[in-house]
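Enquirer: Sharing a structure below in structure tokens format, with a few things to ask.
Just so you know, all these numbers are worked out from the coordinates, no wet-lab data involved. Since we're looking at a predicted model, the values are computed, not measured. No Cβ is skipped: glycine too gets one built from the backbone with ideal geometry, and neighbour counts run over all protein chains shown.
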Amino acid sequence: MSAAHNAAVPFETALLERHRPWRTARLSLPLRTDEDVVYLRKHVREHAVAIALSLVDQTKLVTAASELARNTIKYGGGGEACLDDLVDGFKKGICLIFVDAGPGIPDLELALRDGYTTGGGLGLGLSGSKRLCDEFEIDTRPGEGTAVCIVKWKR
Amino acid sequence: MERIPILRMGDLLLVTIQVDMHDRLAMTLQDDLTQRIVSDSAKGVLIDISALDLVDSFIGRMISNTAAMARVLDAQTVVVGMQPAVAITLVELGLTLHGVKTALNVEKGMALLGKNHF
């Protein structure tokens with residue numbers, strides 16, 4: 001897997017500032033290796049516990065993070081994840097944005113279909129993550145990169 | 001290199017996953033288990049995931065594949081101890097671990113493998 005072509009010119013996406021009005025803190029983490037995914041999962045879990053997400057919601061968020069982080073590495077050639085703490089009035093939430101400067105997703109509708117994969121996986125990463133979160137948005141441009149933004153609010 | 005230990009009890013292999021596995025570690029475990037089924041002539045494999053607070057599609061696929069490989073090598077696999085939050089997430093994600101036998105705990109898993117006479 002080549003990680004050489006990315007990060008030189010990061011993918012510019014509006015998704016990075018999409019939740020700015022509600023953001024109270026941001027942590028950026030690199031996504032290059034398998035170990036980075038484990039490290040990200042650990043941080044997401046800590047932040048989810050800090051805003052007292054239920055155990056089921058914690059598990060859903062960490063699992064979605066794991067799927068999307070793997071996509072960033074496997075299909076995007078590596079990139080980074082931003083872990084944002086959100087506050088909207090009395091409501092707290094966590095926002096995760098995965099950004100890579102990879103080849104982009106040519107057919108988004110197809111990529112979001114259960115069971116569709118180009119990488120020999122199960123084809124559940126994108127579609128499954130969408131089901132596990134409250135908000136889900138993708139910004140992708142062929143040849144430029146992909147960004148995926150997910151949000152989970154405390155109920 | 002990091003590895004998850006595989007214990008042998010009679011003709012059973014017992015694995016307790018206690019670390020947050022990265023993908024390579026999961027693949028190593030799958031390979032090791034398959035090797036050990038043959039080298040130890042194991043008839044059953046018991047995988048305890050009670051300490052795992054996450055099973056994503058990669059780990060789920062590793063479990064399904066291990067069970068399928070064990071089956072063609074004449075061994076049964078039982079996955080025990082899945083946490084309720086993990087089960088909820090797994091199904092919502094779209095994974096049902098088709099073809100994998102499960103039990104609530106190690107004791108019930110042993111019984112399922114016909115090893116209730118210890």
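Enquirer: Go ahead and estimate [θ] at 222 nm for chain A from helices alone: -39,500 (n - 2.57) per DSSP H run with n ≥ 4, summed, over the residue count, rounded to 500.
Expert: Theoretical 222 nm ellipticity from helices: -10000 deg cm²/dmol.
Enquirer: Percent antiparallel among DSSP beta bridges with both residues in the protein assembly as shown, to the nearest 5?
Expert: On the way: 37 of 50 bridges.
Roughly 75 percent of the DSSP beta bridges within the protein assembly as shown come out antiparallel.
Enquirer: Run lengths n ≥ 4 of DSSP H only: what is the helix-derived mean residue ellipticity at 222 nm for chain B, with -39500 (n - 2.57) per run over all residues, to the nearest 500?
Expert: When only DSSP H runs of four or more count, the value is -13500 deg cm²/dmol.
Enquirer: For the stretch B:6-112, what proportion of DSSP beta bridges, expressed in % and rounded to the nearest 5, is antiparallel?
Expert: Rounded to the nearest five, the antiparallel share is 25 percent.
Enquirer: With the convex hull built on the Cα atoms of the stretch B:55-118, state its orientation-averaged projected area in nm².
Expert: Dividing the Cα hull surface by four gives the mean projection, 4.3 nm².
Enquirer: Provide Rg over Rh for the stretch B:6-112; use the alpha carbon set for both Rg and the Kirkwood Rh (inverse mean inverse pair distance).
Expert: That ratio is 0.93, to two decimals.
Enquirer: Pairs of alpha-carbon atoms within less than 8 angstrom and 6+ residues apart define the contacts here; what relative contact order does the stretch B:6-112 have, in percent?
Expert: Across the stretch B:6-112, relative contact order equals 27 percent.
Enquirer: If you don't mind, another one. At A:H43 and A:T117, where each label point lies 7 Å from the Cα along Cα→Cβ, what is the point-to-point distance in nanometres?
Expert: The modelled label-to-label distance comes out at 2.7 nm.
Enquirer: Something else: How big is the C-alpha Rg of chain A next to the rule-of-thumb value 2.2 N^0.38 Å, as a ratio?
Expert: Compared with the compact-globule rule of thumb, chain A sits at 0.97.
Enquirer: Can you name the helices of chain A, as whole DSSP H runs, whose Cα span along the helix axis is 18 Å or more and whose Kyte-Doolittle mean is not below -0.5?
Expert: Sorted by number, the helices that extend far enough and score high enough are A:55-74.
Enquirer: Follow-up. What nm value, rounded to one decimal, do you get for the distance between B:M1 and A:L27 when each label is placed 7 Å out toward the C-beta?
Expert: Label-label distance for B:M1 and A:L27, simple model: 3.1 nm.
Enquirer: Here is a follow-up. Two decimals is fine: what's Rg over Rh for the protein assembly as shown, C-alpha atoms, Kirkwood radius as Rh?
Expert: 1.01
Enquirer: Gap in Å between the Cα centre of the stretch A:44-75 and the Cα centre of the stretch B:1-78?
Expert: Here the answer is 24 Å between Cα centres.
Enquirer: In addition: Based solely on C-alpha atoms, express the radius of gyration and the Dmax of the stretch A:24-114 in angstrom.
Expert: When restricted to Cα atoms, the stretch A:24-114 yields Rg and Dmax of 13.8, 40 Å.
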